[in-house]
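Read the structure below first, then the notes.
The values are calculated or read from the model by the stated rules, or taken from the named source; none is laboratory data. All values derive from a computational prediction rather than experimental measurement. Quick reminder, even Gly has a Cβ in these numbers, built from the backbone with ideal geometry, and neighbours come from all protein chains shown.
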Amino acid sequence: MNALTEARINRRSLALMAGMAPLVGVPSVARAQEPRPLRVRMSADISQLDPILIFDPSSHYVAGSIYSRLVRYRPGTTEIQPDLASDWEVSDDGMTYTFHLREDVQWHKGYGQVTANDVKFSVERHLNPENASLFAAYFDVMESVEAVDDFTVRFRLRQPFAPFVGSTLAFRSGWIVSQQAIEDAGEDYLQNPIGSGPYVFESWAPGQNVTLLANEEYFEGAPEIQQLVFVPIPEDSAAELAMLSGEIDLSYFNLVEVFQRLESSGEFVAESPIGLGVHGMMINLTRPPFDDLLVRQAMAHAIDQEGIVATVWQGLAEVPTGFLTPQYLGYTDDVQTYPYDPERAMELLAEAGHGEGFETSLLYASSPPWPQMAPIIQANFQQVGIQLELQQLEFAAYQVPRREGNYDLIAISTSRPADPDLILTEYFHSRSFPPGVNNSYYDQIDELIEEARLEQDTEAREAIYAQIQQRMAEDIPGLWVDWNPILMVHNPDIVGHAIVMNYDLNPQTMRFAE
Amino acid sequence: MKYFFQIVLSLIPTILGAITIVFLVIHFVPGDPVSVMLGEFAAPEAEAQLRSDLGLDRPLIVQFGDYLLHLASGDLGRSIRLGTPVIEQIIDRLPYTIALTTFASAISLMVGMPLGIIAAVRRKTAADYVTRSVALIAVSMPTFWLGLLMILLFSIQLGWFPVLGSSASTVGEFLHRAVLPSAALGTVMAALIARVTRASMLEVLNQDYVRTARAKGLQESIVHYRHALKNALLPIITIVGLNVGQLLGGAVITESVFSWPGLGKLFIDSMYARDYPMIQGVALFFAIGVITVNLVTDLIYGIVNPVMRHG
């Protein structure tokens, strides 16, 4: 008998003994007959459900079940597949994209059919400064969007932009809203979002939960799970207890020890694949001695990545070959690497004229795994004579020196859509120097990034990204410590869950086992 | 009545002081809501635009003056994070925190006082030592740790109570969910009250009038409860009143551990997002709460101790 059933039996027998069944919440018969909801933990409460304003993972999580896009990632992967659009064409010059919409898609709650005008409206909302869209810049490349007829939409770009489908339309910036619903709800849209996705918004009780109901008219067929309840639980340890008590069915975790405890309990399905995230340190190339490549090579050789993966991650992470994980388009492992070798590091430092080492500092935010990882890196550096001062700040405070460019080394934790254009542009194009997040002030791959955008042929584009990775491995604008796993635990009777890659939960693929 | 209004008027400077301190502290903490809201990949122009939309680019003194002006007309502003009026959120969450702190106070009085009395009356017996040791441990225990231990025992092992405090649909369910967080929050204060009750009772029990009462041949229980306890109450009431602030601080932590959707959790969430208007609004309510309870404590003094009525 497992611990959970034991606990349940205990609960009943004790309750009956004490004669206080109503007090301790033994489920009543009537409730047991209601369809079982899928209860999903989110790490914070939602803050927005209007797509143009969504910036946090929790809101994305919920919105992803409500809205559709023209295209989406196939659940659990980084491949593009049709969503509202049944198919699409790209002109030979790569500047015109024509999408043909499905004709059988209805808005939630009787808002009628989804048409090309809604797509045009949704995209143009980003461009109106009054709407304060967070994604306006994503559409800089777009010249116009028009509804050719009720079910055909045409985008004209100012120049070819290959990531338009994979990055712009398949991520947060691509959700389609109903013009009528936006106008009807006005300021109350947060409590009245209308989409065309697999689930319909039912209610939001701030701080308590968000409830969605299955969309019986969903164009791919009504989802099997009737009700979705998202519960905000910030602390991993509290979520662990809620998993154990059966109050939530599915949760992603940050803390390895919590994940491993749940995994070893044998009560749950636990998965930990490598996703799109990397942990690393950007090197401020404008400050000596980091302008010296020998010094950067020495630092790269000084970090014991395998030791970090084995201790901090208990073997669940991977030693990175570079900044992009294998999930990204164009990933290559054919790059120069810098295995852990303190002696080689000291030789390189001596060669660079820093035989006695030097003092520097690492700035990082206080969210896991950095508080655990930073002291190990400090010890690694100490071994080769580099004195590393650790500066830990809470996230909002960490942003201040980060934006000012005021640091030697700065720790980052990344995760972005699977198309490499966005992440490379943000982290390594010179247009993203601080206050952007090119914290290295690295400017050697601008042309390659731009060349890749113009390239229509996917293989040729992949080759450019491979070239970028090789170039970065030689230049060392940052030090990559691990590719981190996505840590997910769910009840064993949930079937069809696909690991969340781009914050989309895809509840329509799930059901409860009989 | 005139006396009452005088007291209320005298509270205004206190509240103003609290608001000013909170305003200054949160603005001097590094980081601002715009950078949290727009995430790392925001364009500088978009940031500047939002900062100016929110009025955050104005001098601090102007922002503060503006805040006070709105406050004077009862407007707490809109949440930066949620876009909704601050007052709406606070009113949604307030009942949870009032319930939590009220239950916790009730639990702490119901447990702490009897234990303190027993320890005093049975001084230097096993009961006394046990009570004092348990109280010492409870006072030293961090609330969040105690909360987790209680969840492990009562929710996971015994299955009596839910882990999550949220989403109750009936009053019965609400009360059921409130038991564990209230107990966790109340335990520390119960220990404090037990210690104060014991000390205060001991002092009173040694006084002449108690000896007189005993000499008159009164029953011990009447001496303890009617004569001694009545006079020992003042320090206990003081402790309860003074600790409401501490209780609210504890609520911030307890609410996070138990996912209890009260003001404390709202406060923490707003702090991480640097949601200035919300932080100020919640802090204002906390200040009003503490001041009100202290005021009530003053009034209760008068009832318990007639000497203080005209003081």
query = Mind checking which pairs have a first residue in segment A:309-325 that is touching a residue at least 40 places away in the same chain (Cβ under 8 Å) and a second that is crowded, with 18+ Cβ neighbours inside 10 Å and of a type in the set (Gly, Ala, Ser), Cβ under 6 Å, 6 or more apart or different chains?
reply = A:VAL309/A:ALA317; A:LEU316/A:SER272; A:GLY322/A:ALA473
task = Could you list all residues from segment A:105-142 that are touching a residue at least 40 places away in the same chain (Cβ under 8 Å) and either more than 19 Å from A:ALA181 (Cβ to Cβ) or within 14 Å of another protein chain (Cβ to nearest Cβ) (or both)?
result = A:HIS126, A:ASN131, A:ALA132, A:SER133, A:LEU134, A:PHE135
request  = Would you be able to say whether some residue in segment B:129-146 is at pLDDT below 85 and either in contact with a strand residue (DSSP E or B) (Cβ under 6 Å, 6 or more places away or on another chain) or basic (Lys, Arg) (or both)?
outcome  = no
query = Quick check: anything in segment B:244-259 under 30 Å from B:GLU173 (Cβ atoms), under 27 Å from the mean Cα position of the chain (by Cα) and without any contact (Cβ under 8 Å) to a residue 12 or more places away in the chain?
reply = yes
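Based on this model, can you work out whether A:ALA238 counts as of a type in the set (A, V, I, L, M), in contact with a Pro (Cβ under 8 Å, 6 or more places away or on another chain) and part of a helix (DSSP H, G or I)?
Criteria not met by A:ALA238.
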inquiry  = Being modelled with pLDDT under 95, of a type outside the set (Ser, Thr, Tyr) and farther than 26 Å from A:ILE449 by Cα: is that true of A:ASP184 here?
reply    = yes
task = Say whether the condition of being within 13 Å of another protein chain (Cβ to nearest Cβ) and closer than 24 Å to B:ALA119 by Cα is met by at least one residue in segment B:180-192.
result = yes
request  = Please name all residue pairs, on different chains or six or more residues apart, with Cβ atoms under 9 Å, provided the first residue is in segment A:432-453 and is more than 23 Å from A:THR168 (Cβ to Cβ) and at pLDDT below 90 and the second residue is surrounded by fewer than 19 Cβ atoms within 10 Å (Cβ to Cβ) and acidic (Asp, Glu).
outcome  = A:PRO434/A:GLU404
query = What are the residues in segment B:245-255 that are touching a Gly at 6+ places or on another chain (Cβ under 7 Å) and either under 16 Å from B:ALA106 (Cα atoms) or at pLDDT below 85 (or both), if any?
reply = B:LEU248, B:ALA251
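Residue-wise test of (1) within 7 Å of another protein chain (Cβ to nearest Cβ); (2) over 19 Å from B:ARG274 (Cβ atoms).
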| residue | (1), (2) |
| --- | --- |
| B:THR14 | no, yes |
| B:VAL36 | yes, no |
| B:LEU56 | no, no |
| B:LEU60 | no, no |
| B:LEU69 | no, yes |
| B:ILE91 | no, yes |
| B:TYR96 | no, yes |
message = Could you tell me how many of the residues in segment B:170-179 are at the interface with chain A (Cβ under 9 Å from one of its Cβ atoms) and surrounded by fewer than 18 Cβ atoms within 10 Å (Cβ to Cβ)?
response = 3
ask   = For A:GLU247, which of the numbered conditions (1) surrounded by fewer than 19 Cβ atoms within 10 Å (Cβ to Cβ); (2) over 19 Å from A:PRO57 (Cα atoms) fails to hold?
value = (1)
request  = Go through segment A:47-139 and tell me which strands (runs of 3 or more DSSP E), entirely inside it, have 2 or more residues that are crowded, with 19+ Cβ neighbours inside 10 Å and touching an Asp or Glu at 6+ places or on another chain (Cβ under 7 Å).
outcome  = A:71-73
request  = With respect to B:ILE268, determine if the residue is of a type in the set (Val, Ile, Thr) and away from chain A (no Cβ under 14 Å).
outcome  = no
inquiry  = Tally up the residues in segment B:255-264 that are closer than 20 Å to A:ILE248 by Cα and either away from chain A (no Cβ under 11 Å) or crowded, with 24+ Cβ neighbours inside 10 Å (or both), please.
reply    = 6
note = Quick count over segment B:110-169, residues being within 11 Å of chain A (Cβ to nearest Cβ), free of Cβ contacts under 8 Å to residues at least 40 places away in the same chain and not hydrophobic (A, V, I, L, M, F, W, C), is 6
query = Does segment A:224-256 hold any residues that are acidic (Asp, Glu) and within 14 Å of chain B (Cβ to nearest Cβ), and which are they?
reply = A:GLU235, A:ASP236, A:GLU240, A:GLU247, A:ASP249
Neighbours by Cβ (under 6 Å, 6+ apart or cross-chain): first from segment B:262-274, closer than 14 Å to A:TYR398 by Cα; second surrounded by fewer than 24 Cβ atoms within 10 Å (Cβ to Cβ) and β-branched (Val, Ile, Thr) = B:ALA273/B:VAL36; B:ARG274/B:VAL36
query = Within segment A:311-330, how many residues are in contact with a Pro (Cβ under 8 Å, 6 or more places away or on another chain) and within 19 Å of A:HIS429 (Cβ to Cβ)?
reply = 4
query = Given the conditions (1) in contact (Cβ under 8 Å) with a residue 60 or more places away in the chain; (2) away from chain B (no Cβ under 14 Å), and given that A:GLU459 satisfies all but one, which numbered condition is not satisfied?
reply = (1)
query = Which one of A:VAL177, A:VAL200 is under 25 Å from the mean Cα position of the chain (by Cα), away from chain B (no Cβ under 14 Å) and in a strand (DSSP E or B)?
reply = A:VAL200
request  = Determine whether A:VAL400 is at pLDDT below 90 and either within 14 Å of chain B (Cβ to nearest Cβ) or surrounded by 17 or more Cβ atoms within 10 Å (Cβ to Cβ) (or both).
outcome  = yes
query = Is it fair to say A:ALA298 is surrounded by 22 or more Cβ atoms within 10 Å (Cβ to Cβ), touching a Leu at 6+ places or on another chain (Cβ under 8 Å), touching a residue at least 24 places away in the same chain (Cβ under 8 Å) and under 24 Å from B:TRP145 (Cα atoms)?
reply = no
request  = Among residues belonging to segment B:87-109 that are among the β-branched types (Val, Ile, Thr) and without any contact (Cβ under 8 Å) to a residue 40 or more places away in the chain, point out the one that is farthest from B:GLU255 (Cα to Cα).
outcome  = B:ILE91
